[in-house]
Amino acid sequence: MDDRPLDPRSLANYILTVRKHFGFETTNLELQKISFFAYGRYLVKAKAKLCEGYFEAWEHGPVHPLLYREFKEFGSRPILRKAESTNLITGELTVVSPPKDAARRTLIAETVLQLRDLTASQLRQKSHAPGGPWHSVWT
């Protein structure tokens with residue numbers, strides 16, 4: 001098993017895949033919050049980072065800057081593509097693969113399913129919980 005943190009785009013692509021499988025479109029705001037909650041669950045369970053990089057405390061809650069940049073073109077509309085990486089030698093774009101580790105995929109899918117009935121606004125509100133990580137940093 002590879003214990004290295006995932007590329008955050010791998011996490012995002014798997015969230016998009018699972019949500020699409022269950023008939024949900026996903027906005028950047030929803031993706032950010034679900035990524036954050038999956039990251040937190042993994043941190044508690046495995047005592048390790050789920051993905052590379054970090055989440056910042058922005059006005060609308062925790063945001064992974066790399067994921068924000070990847071999908072900002074969609075604004076508040078549903079994301080219509082997967083995250084890509086660029087081959088620095090050829091310039092070719094390729095879709096970032098989902099996580100290979102079954103335990104991580106399971107945790108991510110469980111997080112998606114646990115939060116599936118929450119709207120973007122409700123996910124935002126949940127991420128702003130008093131005493132939570134975002135609230136502690138923001139205030």
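Exactly which chymotrypsin sites (Phe, Trp or Tyr not before Pro) in region 1-37 are in a DSSP loop and have at most 16 other Cβ atoms within 10 Å? Listed in order of number, the matching sites are Phe22, Phe24.
Sparse packing (at most 13 other Cβ atoms within 10 Å of the Cβ) combined with a DSSP loop state is found for the following trypsin sites (Lys or Arg not before Pro) in region 101-137: Arg116. If you take the square roots of the eigenvalues of the alpha-carbon gyration tensor of region 33-100 and sort them as a ≥ b ≥ c, do you get rounded (a/c under 1.5), prolate (a/b over b/c) or oblate? Oblate, because a/c is 1.5 or more while a/b does not exceed b/c.
Taking a ≥ b ≥ c as the square roots of the eigenvalues of the Cα gyration tensor, region 85-134 is classed as prolate, since a/c reaches at least 1.5 and a/b is larger than b/c. Region 42-65 and region 75-139 have Cα centres separated by 10 Å. Distance between the modelled labels on Arg116 and Lys100, one decimal in nanometres: 2.9 nm (7 Å Cα→Cβ projection).
Name the GluC sites (Glu not before Pro) in region 48-96 that are in a loop by DSSP and that have at most 10 other C-beta atoms within 10 Å, would you? In loop regions of region 48-96 (DSSP not H, G, I, E or B), the sparsely surrounded GluC sites (Glu not before Pro) are Glu59, Glu92. The phi torsions of region 117-130, fed into the Karplus equation with coefficients 6.51, -1.76 and 1.60 and a -60° offset, translate into couplings of 8, 8, 6, 4, 5, 5, 5, 4, 4, 4, 6, 9, 3, x Hz, rounded to whole numbers, with Gly and Pro shown as x. In the chain, the DSSP-assigned H stretches of four residues or longer account for a calculated mean residue ellipticity at 222 nm of -15000 deg cm²/dmol, using -39500 (n - 2.57) per stretch and the full residue count as denominator. Taking θ as phi - 60° and the Karplus parameters 6.51, -1.76 and 1.60, the scalar couplings of region 25-33 work out to 7, 9, 8, 4, 4, 4, 4, 4, 5 Hz in sequence order, x denoting glycine and proline. Once R0 is set to 25 Å, what does the formula 1/(1 + (r/R0)^6) return for the Cβ-Cβ distance between Trp138 and Glu52, expressed as a FRET efficiency to the nearest 0.05? The calculated FRET efficiency here is 0.60. Taking a straight line from the alpha carbon of Lys45, these lysines sit under 25 Å away, with near neighbours fewer than eight places off in the same chain left out: Lys33, Lys100, Lys126.
One decimal place: the segment Phe24-Glu59 gains 10.1 nm when fully extended, by the rule 0.36 nm per residue minus the C-alpha distance.
Each value in this text was obtained by applying a stated rule to the coordinates, not by laboratory testing. In this text the structure is predicted, and so the values were computed from the model without any measurement. As a convention, Cβ positions derive from the backbone with ideal geometry for all residues, glycine included, and neighbour counts pool all protein chains shown.
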